[in-house]
Every structure is written in structure tokens, then in C-alpha cells.
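The values are calculated or read from the model by the stated rules, or taken from the named source; none is laboratory data. A quick note: this is a predicted structure, and the numbers were derived from the prediction, not measured. As a convention, Cβ positions derive from the backbone with ideal geometry for all residues, glycine included, and neighbour counts pool all protein chains shown. These area figures cover heavy atoms from the full protein model, side chains too; ligands, DNA and RNA do not enter into them. Shrake-Rupley method; radii C 1.70, N 1.55, O 1.52, S 1.80 Å.
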2 protein chains.
Amino acid sequence: MDERWRRLTLAARTPGLDAAAFAAIAAATPDLELFDRPDPAALTRLGLTTDGIRWLSNPDEARLAADLRWLDESRCLLLPCTAAAYPQMLRESPDAPPLLYVRGRAECLGEPQLAMVGSRNPSAGGRATARRFAGQFAQLGLTVTSGLALGIDAACHEGALGAGGNTVAVLAHGLDDLYPREHQDLADRIAAAGALVSEFPPGVAALNHHFPRRNRIIAGLSHGTLVIEAAARSGSLITARLAGNAGREVFAIPGSIYNPLSRGCHALIRQGAKLVECPEDVLAELKISLAAQLLAAPENDAPGQPRAGGALDKAYKILLDALAFEPASVDTLIERTGLNSESIASMLLVLELDGHVAPHPGGRYSRMAGHSA
Amino acid sequence: MDERWRRLTLAARTPGLDAAAFAAIAAATPDLELFDRPDPAALTRLGLTTDGIRWLSNPDEARLAADLRWLDESRCLLLPCTAAAYPQMLRESPDAPPLLYVRGRAECLGEPQLAMVGSRNPSAGGRATARRFAGQFAQLGLTVTSGLALGIDAACHEGALGAGGNTVAVLAHGLDDLYPREHQDLADRIAAAGALVSEFPPGVAALNHHFPRRNRIIAGLSHGTLVIEAAARSGSLITARLAGNAGREVFAIPGSIYNPLSRGCHALIRQGAKLVECPEDVLAELKISLAAQLLAAPENDAPGQPRAGGALDKAYKILLDALAFEPASVDTLIERTGLNSESIASMLLVLELDGHVAPHPGGRYSRMAGHSA
């Protein structure tokens, strides 16, 4: 297992590695041994850049050792895009990150998410609206995903947490640090109830150009992006544009023409974003896309739906029943359970974290001896 | 001439008479004698209803005499849809009124108009916005058309008047009365700077079902309709819908989701109305339709454009030069001047009111002896 973690940390620091190249390498060498026995010709064929090949040929061993130590100490996951637990919505989005660092309840990433973003300097009304909407979404079983920035982002996370819901924060820097520092307590509460996510390895600072990349993950994880308050040119509009590019819904809350922080929302509405007056407006739209997704799945009792205890337990029982003691692939489990791959992936992660299931090479899983469902 | 006015007052009170039927009668009998020598078979063929034919066969002579007296005393015009001075935009709109009572400067009706409507009980902010926008439109040469109601309507008229511009008020009752009474002073100022308009004969009260009919005239006169503040179900939304049905632009100003008077505007924006943050947003859209209209006209120096004194005078001079002392039809004048029919119609009305031009039967005009251009 240590060998695999080492290869994942190597991959996570490989310049120019995208999800397609990672997946190609994982398909060619399921144990990822190509990362620490690099074959330049093979890597080039699989889509790696010269920068990436140079790094893999002569990696910074001290840094890798530090990464592994940090992963171990910080209880963070490093989730490759080929893992069943990697969120399907993000996998289907443009420019999906090849690997994600995750701190907290990684299974949240498989749940239906709504991105909520906005200004760092909102009006008092905008902040209250963000908190109220997030609380209502959380109560209805939607995970609220945002960027942990000052202002609207923080209000959205707080609103979801206050309602006892899940929330995911995507960061523009390594998970070993926190920006802004004053959100340390909020970050800890998010990690306990939800998850902190980053594509950046430990030690990487929140550089300006990281924010649009962070925003694409927020948009990519989510069924839609709701902009609460945003100035005419702002990062929130980038997130909204990325959501639109990824084929996700874009929502915006209008406001007074005398509030400069309504300009961004109004611009989005002019460009086709759905005008939102209340949380129900968002749910009405999302219901359509979620319903379409559920109809596509052969079994409705999947996790990630607004939590109905019984149904959830039933799905887990079906999955555990289907897990024999010899390793089985996700495809096999789909066949045995009738559940869809995304549901199975997030449930496997929960079961793995709870010690019910053991991962095996080649994306196979088995039930742990000595545990009962 | 008295004979013609009598026939027009007869027509104005004929139940079920629409613009098409009026135009058909005017085409069959240019002096409109069919109205006071009614031939039921001919009238039926021309589209009149039995109610209409019954009224024409046995009109209330005392009422007609009162109508004629009132027209004379009040200095109101009764403008049939076949008159050159009848506004072309309204003529092209669905269910155009066959005749319009006009008090004030009837030539305003030929100028490019923007309808501005909204709640009778606006917020202070909505009222201020209405006044400010109307002032800016008026300064830019757009005539502001509204319904003289309390609240937003009044603020729009006031804003246009305050900026020294033109404004048109369309009423839901006969022009011999005024509803609401507290707007008497405002109505007088509108009649002096612009025009009061109604399709209802004197003595007709402001019944509930007259307001949607009044609204269709507001929408029909205008290149577009801008809704400032409106509750979820309100008359302003009817005006906006009628504007849309007439193929005119619909504009709406967004507001706080906590302002119930933003609901109507937000509903319109969801249905495709243009979101407006500033007057320029409206002008940018209207410019397109006005430019298209100007390009269709063979001569750009038409009245009704944002007033450039010299150009206006030049057009009037061309028209007066083209008016010989024998009566000429509008078609002849189009040929002689290269101006379009709408421009000629509104200029003829101005010249007629100023005593430069005399009207003749059959829609012909001549220059008055003893006047020089």
C-alpha cells in the first residue's frame, strides 16, 4: 500500500498530468508502477509532457517523503480520478483534476452538490441570503459546495453547517495550510461534517492563478452554481461560466440596480442564468436533472439522495450482501446489485473508511473478515 | 366639417366597431356617410355587429349633440384610425382602437414612445427610479407613455415633464373626467407638453375592464414597455404581455428578492423581458428597432426623431414646399417629398393645428392662403 501512496504523491506533483493521461497510465499499469519506473517513450505515448517526464525521471525524494508523512499525519486522502470514490460529476467535467487531496468525509463528494459562490465583500443582506439559502438546501439534502473565501463563501458553509447539513470547501492551496487564516475554525467544522478538497499538494500557496482552477472544481463537483452577490467582474462569474461550460445549471439572485454587487448576477441572468428568488426556484430546476439521473440508474435507493434512513440502509445492505470475500470489481458489483457506479463508489468509500471493505489492486473490493453488515 | 365630426362621434360610440371595420367603411364611403345613412346589409358585409347596426340605425341624438359640444368646448380631437395623424405604431398593433380622443399636442403621438408602467403603491426607491429614468428618456427625445395612475405612472409622467420632454397619458375613461382626481394638475401639464388619450367617449367611467384595454393602447403606441416595479399579478404585467404580443420590446428592472414589487419584474425577466439596470440598456435595444425603422424610410430628417432643430425645420420646409394650393393626398406628398407617411402625417397635424394647412375630404390637404412657411 505504501508503494501505491508513493506513486500517487508522485503523480500529484507531475507537471502537465491531466486526468486522461493519469487514466491512461492506470489502464496500462493498474498498480501505477509507470510513475516510479518511468519509460519516457511510453509516457509520451500516454500523453505526458516533457516537464512531467523530467519530474518523474528525477523526483524530489525529500519532498515526496514529506508528502507521504503529511498524508499519514493529517489523515488526508489522495483520491485519483480512476478511483471509484472520485466524484462522478467532477470526472465528467472539463479539465477534471487527475488527483484530489481530501480532508474529512470524502463520501460527501459523491452526494448531489450545489455550488454557492459570491463576493468577498457582500452586503449584510447578501450574507444573510447566502446563509438562509444554504441552510434550506442543506436541510433538503443538497451538499453546499463553495470556496471557503471571506464573505458569501463563508456564509454559505456556515448556513449549511448550521442546518446540520454537509458542505464541501474547495481550496486554492495545499491542505496543509489555510487561507484565509481566520477560517481555521470554520475549516475544522467543515472537515468534521463535510470535506475540504484541493488539487494542490501540501506546501503550495494560494497564488492568484490558482483561484480560477479552484473555481472549476467547485463548478465541476456541482449540479449547478448559484451566484448570490457578485461585482461586474469577479471570480464568481468565472465559476458560473465554468459551470455553464460543464453543462451545469447557472443560477443568480437579482438585486437592486443601486447595489453594485448585483451587477454580476444581472449580467449572468442576461446571459441565460436562471433568476432565483427563493431556494425552491433552484430545487425546481435541479429536480429535473436529478430526476433524469435517477431514471438513468436502475435502483433509486442510492446514497446521495435526500437522506431517507431506511432506503439508505437498504442500499448498503444490498451492496454488502453482494460483496463476497474474494475481490470484485465495481462492474461486477453493478451487475450484482443493480446500483449505479456512482452510488457504489461512494458507498464503497464509506464502507472502506468504516473498515467493512478492503480495497485490492485493479479497483477491486472485498468484504473484511470479522465484520458483519 | 360638422357633418364629418358628427359621423366620427357616431362611429366612436358604435358597439363592436373595430379598426378594420372602420377602415372598410371609410374606404367604401370616404366621407363616412354610411355612419349616418346606415345600410344594414352593407354594414354587415363590412364587418359590423348587430349591436353596432342597431345603434347606428337609432342613435341617441342628445348624446351625440353633447359629444359634439364637448369636443368643441374641450378642444379635444377625435382621430380615426384612417387619419394620417393616427399613430402608425398603434395602427400596426393588435386590436387597434378605431378612434382616439386626444387632448393636447396630438403630434406627440407620432413620435417614438417608450411605455413606462408599474405599481400604484411603489417603494420610495421605485418611484425615484421611475422619475429618473423617465427624465433621461425624455432628454434623449423619447416620449414617455404611461397611464396617469397613482405611483409609478405619475412618477414617469413627472420625470418626463421635469426634464422638459414630452409625455403621453392614456386613460381608461372619457377625457371629460379624470381618475384619479388628484392628478388634475398633472393631467393639465401633460396636455400642455404632450397629450392625453382615450378611446372612451365623454361620460364613460373608469370601469375595471377598461384598464386592460387602456393598457393595450399604452403598449401599442410604444416601441417598448418598461416595467419599473410590479407585484406578481398586476396590470403592469398585462401591459407587458400586450407589448410582447404586439412584437414590441419588453423591459423590466430587477430588484431585491425581499421586495414584493420586484416579483412581477422578475417574472417578466424569466419570460424573456430584457433586464434593465440603467436607461442606456433600454436605448441600446430600441436603437436597433428605431434604426431599422429609419432605414426603411427614404428620408431621415423626420419629426419624431430625437429633436435636432435644423433637421426638423428642414423637413417641415420640404413638406410646405410640396403643398400646393390645390388639395393633395398623403400619397402625393410622399412622392413629392420623399418623406415617409408617418412623418408626413404627424407634420400635417402640426401644420393644421398651427393654421398652415387645411384638411379636405378624402384625406387630402392644401396650404392655407395668406400663410407663408
If I filter the range A:24-41 for residues that are part of a helix (DSSP H, G or I), touching a residue at least 60 places away in the same chain (Cβ under 8 Å) and within 21 Å of the chain's Cα centre (by Cα), do I get at least one hit?
no
Among the candidates A:Ala192, A:Ala169, A:Ala219, single out the residue that is within 21 Å of A:Leu275 (Cα to Cα) and either at pLDDT 95 or above or away from chain B (no Cβ under 14 Å) (or both).
A:Ala219
Sort through A:Leu275, A:Leu226 and tell me the only one that's open to solvent by less than 30 Å² (accessible area, probe 1.4 Å), in contact (Cβ under 8 Å) with a residue 12 or more places away in the chain and within 25 Å of the chain's Cα centre (by Cα).
A:Leu226
Take the conditions open to solvent by less than 30 Å² (accessible area, probe 1.4 Å), modelled with pLDDT of 95 or more, farther than 21 Å from A:Leu348 by Cβ and not aliphatic (A, V, I, L, M) and apply them to A:Thr29. Does it pass?
no
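Let's see how each residue does on (1) outside any helix (DSSP H, G or I); (2) open to solvent by less than 10 Å² (accessible area, probe 1.4 Å); (3) aliphatic (A, V, I, L, M):
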residue	(1), (2), (3)
B:Asp51	no, no, no
B:Leu64	no, yes, yes
B:Glu73	no, no, no
B:Cys108	no, yes, no
B:Leu114	yes, yes, yes
B:Pro122	yes, no, no
B:Gly126	no, yes, no
B:Arg131	no, no, no
B:Phe137	no, yes, no
Which of (1) open to solvent by 30 Å² or more (accessible area, probe 1.4 Å); (2) at pLDDT 80 or above is the odd one out, the single condition B:Phe325 does not satisfy?
(2)
Given the criteria open to solvent by 70 Å² or more (accessible area, probe 1.4 Å) and within 13 Å of A:Pro201 (Cα to Cα), does A:Arg69 qualify?
yes
Give the residue that is farthest from A:Pro212 (Cα to Cα), with candidates limited to residues of the range A:162-187 that are part of a helix (DSSP H, G or I) and open to solvent by less than 30 Å² (accessible area, probe 1.4 Å).
A:Leu186
State which residue pairs qualify: first residue closer than 28 Å to B:Gly194 by Cβ and inside the range B:325-348, second residue hydroxyl-bearing (Ser, Thr, Tyr) in any location, beta carbons under 8 Å apart, and separation of 6 or more residues or different chains.
B:Val330/B:Ser341; B:Val330/B:Tyr365; B:Leu333/B:Tyr365; B:Ile334/B:Ser341; B:Ile344/B:Thr337; B:Ala345/B:Tyr86; B:Met347/B:Tyr316; B:Leu348/B:Tyr365
Which count do you get for residues in the range B:8-23 that are surrounded by fewer than 16 Cβ atoms within 10 Å (Cβ to Cβ) and either at pLDDT below 90 or not in a helix (DSSP H, G or I) (or both)?
2
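Quick grid of which residues meet (1) within 17 Å of B:Glu277 (Cα to Cα); (2) within 14 Å of another protein chain (Cβ to nearest Cβ); (3) open to solvent by 40 Å² or more (accessible area, probe 1.4 Å); (4) not in a helix (DSSP H, G or I):
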{"site": "A:Leu196", "(1), (2), (3), (4)": "no, no, no, yes"}
{"site": "A:Phe200", "(1), (2), (3), (4)": "no, no, no, yes"}
{"site": "A:Asn208", "(1), (2), (3), (4)": "no, no, yes, yes"}
{"site": "A:Pro212", "(1), (2), (3), (4)": "no, no, yes, no"}
{"site": "A:Ala232", "(1), (2), (3), (4)": "yes, yes, yes, yes"}
{"site": "A:Ala240", "(1), (2), (3), (4)": "no, no, no, no"}
{"site": "A:Phe251", "(1), (2), (3), (4)": "no, yes, no, yes"}
{"site": "A:Gly264", "(1), (2), (3), (4)": "yes, yes, no, no"}
